[in-house]
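The values are calculated or read from the model by the stated rules, or taken from the named source; none is laboratory data. Everything numeric here is computed off the predicted structure, so don't read it as measured data. Glycine also receives a Cβ, built like all others from the backbone with ideal geometry; neighbour counts cover every protein chain displayed.
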Amino acid sequence: MFFNKRQIIGLDLGASRAKAVLLEQRKGDNSVVVRDYAIDRLDEPNLPLETQLRRLLRQLRSRCRDCAVSVWPSGSKLRVINGNVEPETVREMRQGIADQKKLFHEELKGYLCEYGEISSLTRRKADPSFAVCALPEIELTRIEKALHTLGYRIQVVQMAPLAVLNAFAASQGEQELKRPFVLVDFGRACMTILGGSAAGLRMLRRIEFPWGEIPEPLVAVTGNNHSGENTENAAEEEALAAIFGEVTDLLAFELQPLLDFFRNHDDSSHLDQVYISGGLSNHRTVVRRLVERLGLQCVQWNPFRHIAAHRRALDNFDLFSELAHLPAAAGAAFQRLA
Amino acid sequence: MKLVVRTNLYSTRLGRHKSKRWWWRAAGSILALLAAGAASWLAADREAFLLGQEYNRQVANKTRIEKELCVIRDRVAARTDAARRRDQVLRFANQRWNWAPILSRVLAATPDNVAFTSFRINATTLEEGTLLIAGKSAGAQPRLECDKCRLLLVDALREAGYTALGEFTRLDDSEEVIRSAGGEHLSADFVLQLKISRSNRERVRT
């Protein structure tokens, strides 16, 4: 009676915000339910990490102590190695004898390295490819110490792009995954772009914005409300629209070459839509402008598409407007539950 | 739930924690097992422990009592020996005629003007005896002095618990004149026979 369910907290430690989602898996039918979620600021450098996380985790109102963490701090490294391009390296990785220096073409001291095969998104046999990631050990120690101080245990640490990919694969159906896709996860100072098709993951890029950080109102948690209600007058709305437009143009400028590169692949030429997530994806103006600039359909995707939500999570009406912030947290939690 | 990548950057540390936890758990389990075993052993052996304590106490008591018993036995043996010796002495005393107290009383009761010249004791049986005393008496009426002496002796013996009967077998005036205390006195010779028998009070009971 007391052990018929398993809970996990998916934690996404972003550059400006920490996101947490509490998932519950019932053992009888293996159904997964979103119990609760929380989003809090994480951009106060003077405060220790545990203080900022305590505030976030307290909002979950759960006794669960197991965490699956998704991070992508500066200094971390992530590579996708294609088996057709580097067959020797892939063979070594399969045998478990791959050298870290060879994987990253440099010697990494003070890093935790891990690699794993990227399995096929569909039932069709895909090209063998491996994800290779390295995380500064000091960063992991900092997170581990903060969570241990708060009484939480880490079960999984996953790179944010891979967690997003996992969440996407879990949330999409077989038909959607057969078509080529591009995922864009907008952050405050960078964006992550993943491109793939039924043949496998083709592209993984992280682009740090050369112009700096996106202004705070644009990455606000509830972007729609902000743009619709908080503007006191038309002039302010017009000013915001101008800023949105400018930022979107810059984003489109960065995205366009990558999309072109992706579409150059034989099996990805018929790319027809881009899946977007992150704070910016909540702004209709930005989405509309992106569609115009890229010439592709941009849709926000729901990481919890195939799972139910608990009434406590549904009572919070912002859930649907905040779905865009939760893919990485959800992906890390999925890895623990699957 | 379909997953594409399963890399876990925490797997190494998790394994380390888990292995540590395994050791701690194993150690904790062993300790708990030992504690439970000790507790059950103590619980099961408590009665035996108490019985052992009682046994040890009884053994100590037995040793102490045996020592005391030895002392008492020695004492009893000594007293028994003493009693046996006393009984032997008493038995011996009961089987003989002790004349010493009779003679002491006779001599003590003899007046100054009477002098004994011979004693003769005839102890025919254990119950009766005869004391034959020969002597001289001096005085104005010497035979009367002899009779006084007879009465004194008989009274002394009766006071001592003997049944005494005295009679003269000879009582004659003597021609000898005895000079004493600055004068001359007439004398008489006598032979007194005292028949003495031991009364019940005088007998020693064994």
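Brief remarks on what is shown
- Matching residues in the stretch B:121-164 - criterion: being part of a helix (DSSP H, G or I) and acidic (Asp, Glu): B:Glu145, B:Asp147, B:Asp155, B:Glu159
- Check on B:Ala188, in contact with a strand residue (DSSP E or B) (Cβ under 6 Å, 6 or more places away or on another chain) and in contact (Cβ under 8 Å) with a residue 24 or more places away in the chain: yes
- Here is the figure for the stretch A:106-121: residues that are assigned to a loop (DSSP other than H, G, I, E, B) and surrounded by fewer than 19 Cβ atoms within 10 Å (Cβ to Cβ) total 6.
- Taken together, the residues in the stretch B:49-72 that are loosely packed, with under 11 Cβ neighbours inside 10 Å and either under 20 Å from the mean Cα position of the chain (by Cα) or among the basic types (Lys, Arg) (or both) amount to 6.
- Any chance B:Arg25 is closer than 30 Å to A:Glu24 by Cα and within 14 Å of chain A (Cβ to nearest Cβ): no
- Within the option set A:Ala170, A:Ala163, being surrounded by 23 or more Cβ atoms within 10 Å (Cβ to Cβ), small (Gly, Ala, Ser), assigned to a helix (DSSP H, G or I) and in contact with a strand residue (DSSP E or B) (Cβ under 8 Å, 6 or more places away or on another chain) holds for one residue only, A:Ala163.
- Counting only helices (runs of 4 or more DSSP H) that fall entirely inside the stretch A:244-338 and contain at least 3 residues that are out of contact with any Lys or Arg (no Cβ under 6 Å at 6 or more places or on another chain), more than 14 Å from chain B (Cβ to nearest Cβ) and surrounded by fewer than 21 Cβ atoms within 10 Å (Cβ to Cβ), the qualifying elements are A:284-294, A:311-315.
- Enumeration of residues in the stretch A:93-116 that are among the aliphatic types (A, V, I, L, M) and within 14 Å of another protein chain (Cβ to nearest Cβ): A:Met93, A:Ala98, A:Leu103, A:Leu108, A:Leu112
- Enumeration of residues in the stretch B:174-184 that are under 57 Å from the mean Cα position of the chain (by Cα) and either modelled with pLDDT of 85 or more or surrounded by 12 or more Cβ atoms within 10 Å (Cβ to Cβ) (or both): B:Ile178
- Of all residues making up the stretch B:86-113, the number that are assigned by TED's automatic domain parsing to the domain that holds B:His185 and among the acidic types (Asp, Glu): 1
- Condition broken by A:Leu57, with the remaining ones in (1) closer than 25 Å to A:Arg305 by Cβ; (2) crowded, with 21+ Cβ neighbours inside 10 Å satisfied: (1)
- Residues being modelled with pLDDT of 80 or more and within 10 Å of chain B (Cβ to nearest Cβ) - total across the stretch A:117-128: 3
- Every test in (1) modelled with pLDDT of 85 or more; (2) closer than 22 Å to A:Leu251 by Cα; (3) touching a helix residue (DSSP H, G or I) at 6+ places or on another chain (Cβ under 9 Å) is passed by A:Pro210 save one, and that test is (1).
- Any chance A:Lys19 is buried (at least 21 other Cβ atoms within 10 Å of the Cβ) and among the basic types (Lys, Arg): yes
- Considering A:Leu135, A:Leu103, A:Leu140, A:Leu147, the condition of being in a helix (DSSP H, G or I), under 20 Å from the mean Cα position of the chain (by Cα) and buried (at least 20 other Cβ atoms within 10 Å of the Cβ) is satisfied by A:Leu140 alone.
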